[in-house]
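Novice: Mind having a look at this structure? Questions to follow.
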Amino acid sequence: MVPPERVCAPQWLIWAKRLQALSQIGLTYSKDTFDLERYRAIRDIAAEMMAAGSDVALETVSGLFRDQSGYATLKVDTSGVVFRGQGGRE
């Protein structure tokens, strides 16, 4: 089965999101100065890819990526409403 993001998203976007997640996780758990530098570089590459593939400025994307911390997880938002009956009755 094809993951949902592959159906709708271009390949460059999938790669950029994966790189951003790897860098975010690495920055969260690494203690070594050199590793932290490498993960920041990966984050910068992901931001450059996102900016190049969209109409969002590199500074904006970089800022959004810098604001993310912790283990990278899916961000899902759902909303719903249920109506019962008619005329405002419950």
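The values are calculated or read from the model by the stated rules, or taken from the named source; none is laboratory data. These numbers were taken from a predicted model, which means no experiment stands behind them. With ideal geometry, Cβ positions are generated from the backbone for all residues, glycine too; neighbour counts draw on all protein chains shown.
Novice: Go through region 19-41 and give me each residue that's exposed (fewer than 13 other Cβ atoms within 10 Å of the Cβ), of a type outside the set (Asp, Glu) and part of a helix (DSSP H, G or I).
Specialist: Step one: list which residues in region 19-41 are exposed (fewer than 13 other Cβ atoms within 10 Å of the Cβ), which gives 29, 31-34, 37, 41.
Narrowing further to those that are of a type outside the set (Asp, Glu): 29, 31, 33-34, 41.
Of everything in region 19-41, those that are exposed (fewer than 13 other Cβ atoms within 10 Å of the Cβ), of a type outside the set (Asp, Glu) and part of a helix (DSSP H, G or I) turn out to be Tyr29, Thr33, Phe34, Ala41.
Novice: Still on this model: Could you please find all residues in region 42-90 being exposed (fewer than 10 other Cβ atoms within 10 Å of the Cβ) and at pLDDT 85 or above?
Specialist: In the first step, residues of region 42-90 are kept if they are exposed (fewer than 10 other Cβ atoms within 10 Å of the Cβ); the result is 55, 67, 69, 71, 73-90.
Matches in region 42-90: Asp55 only.
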